[in-house]
Structures are given as C-alpha cells and as structure tokens.
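The values are calculated or read from the model by the stated rules, or taken from the named source; none is laboratory data. Computed from a predicted structure; not experimentally measured. No Cβ is skipped: glycine too gets one built from the backbone with ideal geometry, and neighbour counts run over all protein chains shown.
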Amino acid sequence: MRTGRVLLLSIISAVAGCSGNQAALDPQGAPAIHIEHLIIGITIVCTVVWLLVMIVLGWALLRKRSSDSSQPGERSLTMIVGSAVAATVIIIAGLTIASFYTTRGIGLPENAALTITVRAQQWWWQVIYADPDPVLSFQTANEIHIPVGQDVRIQLESADVVHSFWVPSLAGKQDLVPGRSNSLLLRAERPGIYRGQCAEFCGLQHTHMAMMVIADEPADYQRWIAAQRENEAIPTDQDAAAGKIVFLSKPCAACHTVRGTPATGTTGPDLTHVGSRQTIAAGLLETTRGSLAAWIADPQTLKPGNNMPMVPLNSVELRNISAYMESLK
Amino acid sequence: MTFGSINDTRWSILATCLLVVAGAAFLGWAREPRELRTDPPVVADLDRFRLMSDGISGAPPESYFAEGKPYESDAYNLSQGQRLYTWFGCQSCHGDGRGNVGPSFLDGWWLYGPETVSIVASIRDGRPHGMPAFRDQMTIEQIWQLAGYVQTIGAYSAKVAATGRRDDRYTRPAENRAPAKILFNEGPVGAHPDQGPSP
C-alpha cells in the first residue's frame, strides 16, 4: 500500500516534468521538436532491444536442460551469434543516422532573419540587439524577445567562464565559451514564455542564472523593439524623479547604463527598461517595487557572491531609487 | 568482507593518509572563509581612516586590524580587486601596472608611500596631476579591494594569497610573484616631475 503510494507519487512528479515552459518533452520550436523525436525514437528502440535481451536471457535461464544430446551444432551457433552481431550493427548505424538527421535539422539555416548576441556573465545574460545603425541598437538582460515562426540566430559569447545556454522547450544546449563565438538556432512556433537557464556549472550562483525567451506575434514583437529603442522614460512622479538624482549621484551609474542619462556603465545590466522585464537578477525575483528595493538594499543576502555591491542608502533614498527603477518601463 | 587479511600496518598508513587529507581540507577551509557580505557598520568604518597632513601614509580604522587586514591578505578580495582594475578602466592610464600616462606601480617607487591607506586615499579622493577621485563611482569596500590588488602588483615581496588566474596574455610576472620585486632590485627610478609631488 505504502510502496504503491510512493510509486504513484514518483510517477506523477516525473510526468510533471514533461510539460510546462521549461520542458524538452513539450517542444514548441522546430529544433526542439527534432530533438524530441530523437529522444522518443532512441527510447523506443532501446526499450525493444532491452526487452528482447531480457526475454532471451529468461528463456536461457529457465529452459529445462534436456539430458539427451540435443546440443546445437557449430553451424547453428554461428548463425545465432552472426545474426545478433548484424542486428547490433544495424541498430547502432540506424541510431547514428537518426542522430545525424537531427543535427541537420537543428543546424543554422544560411540566412537567419535576425541575429541576437547573448553574452553570459557571472551570473546573468547580457542580450544585445545589434543594428548597423548604432541609434537602433540596444541591450537588455535576462529576457530575449523573438518573433514567432522565424529563424533566429543566437550568437553566444562569454565574458568570464564557460556557461551553457539551454531553453529546453525551444532548442538544445549550446556552450558559451570565453574567447569564442558559438551559434544556435531558436525558433518558436507558438507565442509564449519559455524559461531557460545556464546548464554548465559556472560558479556560486549558477542556480540563479535563468532567462526568459518570450515569443511574440510579429506585430507585438515590432512594438516591443520600438519601445526598447526608446531612451529612458522621464520619471513623472516625485519619488521616481528624486530616485533618478540618487541613481546618478551614487556608484550605481558607474556600472549600469540608463540611455538618455549620464549613466553609461557597462559592467552591470542595462537598466534603460528594467521595469518592463518580468524578473530581476536573472530570474531571482519578480520585478516589483518591493523586490527591486530588497535587491538594491542587500544584493549579497539575496544572491551571495554576485558582483553588485551593497551601496549605502538611507530609507528615503532606497524608496526613491526603487520607484525610479520601477518607472523605467 | 573480512578485515583479517589486511594487516595492521596497512590500516594505519591508510588512516594516516585520510587524516592528512581531511586535515588539509579543514585547514584550507578554516584559513579563509569567504566573506561575501561584510557587515554594513564594518564597511562604513572603512571610510574612517586617518591620513598624515601631507596626504601620505596614515592609520587604517581599528576594525580593519580586528578583521585581520582582509583586503591585503585574502585571495577573494584580491581577485575582486583584479576585476575592478579592469572594470573601472585603471588600465587606460596605468597599463598592466607598468604605467602609461599615469605612474607605474612596478618601478619600485610609491609616490605617496606603499601603505594600503595611501593607495585607498589616492583612489577615493584622487591625486594632483590627473588621478581622478572614484568616491562617487565605487563603494568604499570596492576601493579597499582595488587598493589591496594594486598594492599586490607593486609589492616588493610576494604575498601568500594569490588572485584568480587571468586568461589574457601575460605581459609581466603574475601578481603572486611580486612583479615589482624584479624592477625594484634594479634600484629606484625616481619620480617624474609631472607625476605629482615627490615624497
């Protein structure tokens, strides 16, 4: 009874991993669909082979050894071993060919419509939408918007150590190696929010290095791009306006950029539209005024080891600055 | 499994080896617990060092000694300092430590003395002839981390604590090999007249 319940619970928890916004078995993009087919194919083939081997083994163990001399001859032994070897070769060759087909399916097409550069840092994702015209280029962090139904080339770079970019619902894993540039094809067939995270241990806060890939309808995507290209929203309420002054006079501006202000630091995430992102600190907290305040007040308690220092602020300054951050939509 | 077949000497050797490994691991852990979040009052106290009237040398706050001079002797803080050296563009004037527009750290000559407080004061408040003040750009803890690192590359004797490994090309001996020592042995180069008042 008890064993049954434990078994049931473990099956439920295992199956729960098969869907959701971060699941390789619930693919929403062409490359991930190819990979899912490969996973299912290999699992079925291996299951059949395993069952056959077990049946033969069971038969060999259980069969009655007859006393009379009905031993198989040399010839039939050769036949059995030969056909088993041939079957092994054919199955392995088949799986290899299937794997090659999948690799071709997830490969980059000649001309992807859009290239986005993702630069991994300890422990966040810098996302660069580069444009030949510097006025149209912009940066964001930990949130990648892509248009539905289009091939998007993600150019992967790293600033410090090896990271790995993995959005299971849309594509396979690809490493980000310092000093190198890798590419990955992303393609979403359906609008939605797909969660991804670093899949290569990269230090203390490897767990808190998540990102969102948001697939928008083309019109929504264009609207998002246009909004991101804008400079900062000029704060209207009093708290936020005071917060801007604090932000610019404190060390914040030395590491963070807010376009349209003198803040042009590049070591931390670009904060021009930080209020429009769903999460802060690489998926650590939802973006609310409260979580922004908590993060600014004590980053080393929320995410120990990250590179954001605790800047001494009094309570009024903290309130103002978090209002300003929230207003940067 | 029976233990009778293994004689007593082998057991004691094995136990000794395990003890040595465990002891080394413990010492490594006990020697340097990494402090990621310094208490705000301790950080605030870092600002309260006193300098001599000529701005050269001085006394760090008492709490700095109580903490065991972490910014000079602790590998994590030195590594953070190494990061800050790049992030805050020290290279644009001081190069890899050999100087460029700004003075060298490796020529065996400290314009304002080799003490960490002098270096902290130089970074925080700036110095004449072009050294900007970083008071509004870095927290005081970051300034101490950076000062500890700068002192390491200009130290005449190597420190026990080493910074993290850098992946870029090495243009001078590594930080933990006291790069300044080699140049210092050649004798002081002397201050350039345009590099501020000579001590």
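Kindly indicate the residue of the range B:133-166 that is in contact (Cβ under 8 Å) with a residue 40 or more places away in the chain and of a type in the set (Ser, Thr, Tyr) and also farthest from the other protein chains (Cβ to nearest Cβ) among those meeting that condition.
This residue is B:156.
Just the residues that are of a type in the set (Gly, Ala, Ser) and within 11 Å of chain B (Cβ to nearest Cβ), please, taken from the range A:277-329.
Kept after step one, since they are of a type in the set (Gly, Ala, Ser), are these residues of the range A:277-329: A:281-283, A:290-291, A:293-294, A:297, A:305, A:315, A:322-323, A:327.
The answer is A:297, A:305.
Are there any strands (runs of 3 or more DSSP E) wholly within the range A:99-201 with 1 or more residues that are of a type in the set (Lys, Arg), and if so which?
A:114-121, A:152-158, A:192-198
Would you mind finding the one in B:144, B:109 that is among the aromatic types (Phe, Trp, Tyr), touching a Phe, Trp or Tyr at 6+ places or on another chain (Cβ under 9 Å) and under 18 Å from residue B:43 (Cβ atoms)? Give the steps one after another, and end with the answer.
Values: B:109 fails: under 18 Å from residue B:43 (Cβ atoms).
Within the list B:144, B:109, the selection yields B:144.
Taking the condition of being surrounded by 20 or more Cβ atoms within 10 Å (Cβ to Cβ) and away from chain B (no Cβ under 14 Å), how many residues in the range A:251-268 meet it?
Count: 1.
Pick from the range B:116-132 the residues that are away from chain A (no Cβ under 12 Å) and assigned to a loop (DSSP other than H, G, I, E, B): which of them is nearest to residue B:42 (Cα to Cα)?
If we take residues in the range B:116-132 being away from chain A (no Cβ under 12 Å) and assigned to a loop (DSSP other than H, G, I, E, B), then B:126 is nearest to residue B:42 (Cα to Cα).
When the residues of the range B:91-101 are narrowed to those that are surrounded by fewer than 17 Cβ atoms within 10 Å (Cβ to Cβ) and either outside the structural domain of residue B:170 (by TED's automatic domain parsing) or modelled with pLDDT of 85 or more (or both), which ends up farthest from the chain's Cα centre (by Cα)?
Filtering first and then ranking leaves B:101.
Residue A:245 versus (1) under 26 Å from residue A:119 (Cα atoms); (2) hydrophobic (A, V, I, L, M, F, W, C); (3) within 14 Å of chain B (Cβ to nearest Cβ); (4) more than 28 Å from the chain's Cα centre (by Cα): which is the lone unmet condition?
The number of the failed condition is (1).
Residue B:64 - would you say it is among the hydroxyl-bearing types (Ser, Thr, Tyr), out of contact with any His (no Cβ under 8 Å at 6 or more places or on another chain) and within 30 Å of residue A:306 (Cα to Cα)? Don't jump to the end; show me each part of the working.
Values: among the hydroxyl-bearing types (Ser, Thr, Tyr): yes; out of contact with any His (no Cβ under 8 Å at 6 or more places or on another chain): yes; within 30 Å of residue A:306 (Cα to Cα): yes.
The answer is yes for residue B:64.
Tell me which residues, restricted to the range B:38-83, are within 14 Å of chain A (Cβ to nearest Cβ), exposed (fewer than 14 other Cβ atoms within 10 Å of the Cβ) and either assigned to a loop (DSSP other than H, G, I, E, B) or in contact with an Asp or Glu (Cβ under 7 Å, 6 or more places away or on another chain) (or both).
B:39, B:48
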